[in-house]
Amino acid sequence: MTPELQQKLLDKYPILFRETKLPMSQTCMCWGIEFGDGWYKELENTLAQLEMIRKVSGMAIIAKQLKEKYGTARFYHNEVYEDETIQRSKEETDIWLDIIDAVVNSFEDKTSYICEVCGEYGGLSDSYRDWE
């Protein structure tokens, strides 16, 4: 992703991207968002949903790595409660984790039919065969 678009996301979602300044021995986010600008719109929508979940649930999502792999996006993350003094049941936590996973999985699935470069709809292909 271009530095300008990436910085917009880092500025807008500082809690989610709080590991970007850590060394590579602690996080893969030190390399930034490792895919093209075509997925920016879907990523921004996903981050807005995750931010809303944080505000409602108190569970912060921490980006560990965002990259392209096998033609689709991968969004690795951890979750932590911002206020550990509040008691929550395992069932409540499991529900929030399921919701977070659904949001992230939806983003990853959408990238299989959105061009990583231009953002237009399409599909995965074996583009190397076009070169033969």
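Which residue pairs have Cβ atoms closer than 9 Å, lie 6 or more positions apart in sequence or on different chains, and pair a first residue in the range 20-41 that is more than 24 Å from T111 (Cβ to Cβ) with a second residue that is in a loop (DSSP other than H, G, I, E, B) and open to solvent by 10 Å² or more (accessible area, probe 1.4 Å)?
Q26/E19
If you take the residues in the range 46-61 that are within 10 Å of the chain's Cα centre (by Cα) and in a helix (DSSP H, G or I), which one is farthest from M1 (Cα to Cα)?
Of everything passing the filter in the range 46-61, L50 is farthest from M1 (Cα to Cα).
Quick check on the range 75-116: of everything there that is modelled with pLDDT under 95 and of a type in the set (G, A, S), which residue is nearest to E51 (Cα to Cα)?
By that ranking, first place goes to S89.
In the range 25-51, what residues are of a type outside the set (D, E) and either open to solvent by 30 Å² or more (accessible area, probe 1.4 Å) or touching a Cys at 6+ places or on another chain (Cβ under 7 Å) (or both)? Spell out the reasoning first.
Here is the first cut: in the range 25-51, the residues of a type outside the set (D, E) are 25-33, 35-36, 38-41, 43, 45-50.
S25, Q26, C28, C30, W31, G38, K41, N45, A48, Q49 - these are the residues of the range 25-51 that are of a type outside the set (D, E) and either open to solvent by 30 Å² or more (accessible area, probe 1.4 Å) or touching a Cys at 6+ places or on another chain (Cβ under 7 Å) (or both).
Would you confirm whether or not the range 9-26 contains a residue that is among the hydroxyl-bearing types (S, T, Y), part of a helix (DSSP H, G or I) and closer than 23 Å to I99 by Cα?
No, the range 9-26 contains no residue that is among the hydroxyl-bearing types (S, T, Y), part of a helix (DSSP H, G or I) and closer than 23 Å to I99 by Cα.
Since L22 meets every condition but one in (1) over 28 Å from T93 (Cβ atoms); (2) of a type in the set (A, V, I, L, M, F, W, C); (3) surrounded by fewer than 15 Cβ atoms within 10 Å (Cβ to Cβ), which condition does it not meet?
Going through (1) over 28 Å from T93 (Cβ atoms); (2) of a type in the set (A, V, I, L, M, F, W, C); (3) surrounded by fewer than 15 Cβ atoms within 10 Å (Cβ to Cβ) one by one, L22 breaks only (1).
Hey, any hits in the range 62-80 for a residue that's open to solvent by less than 80 Å² (accessible area, probe 1.4 Å) and assigned to a helix (DSSP H, G or I)?
No, the range 62-80 contains no residue that is open to solvent by less than 80 Å² (accessible area, probe 1.4 Å) and assigned to a helix (DSSP H, G or I).
State all residues of the range 88-118 that are open to solvent by 80 Å² or more (accessible area, probe 1.4 Å) and in a helix (DSSP H, G or I); if no residue qualifies, say none.
Pass one, the range 88-118, residues open to solvent by 80 Å² or more (accessible area, probe 1.4 Å): 90-91, 95, 98, 109, 113, 117-118.
Once the filter is applied, which keeps residues that are open to solvent by 80 Å² or more (accessible area, probe 1.4 Å) and in a helix (DSSP H, G or I), the range 88-118 yields K90, E91, I95, D98, D109, Y113.
Within the range 20-37, count every residue that is in contact with a helix residue (DSSP H, G or I) (Cβ under 9 Å, 6 or more places away or on another chain) and closer than 15 Å to I62 by Cα.
The number of residues fulfilling the criteria is 5.
The values are calculated or read from the model by the stated rules, or taken from the named source; none is laboratory data. From a predicted model like this one, the values you see are computed outputs, not experimental measurements. Cβ coordinates were reconstructed from backbone atoms using ideal geometry, including for glycine residues, and neighbour counts include every protein chain displayed. Accessible surface is based on the protein model in full, side chains and every heavy atom, while ligands, DNA and RNA are left aside. Shrake-Rupley method; radii C 1.70, N 1.55, O 1.52, S 1.80 Å.
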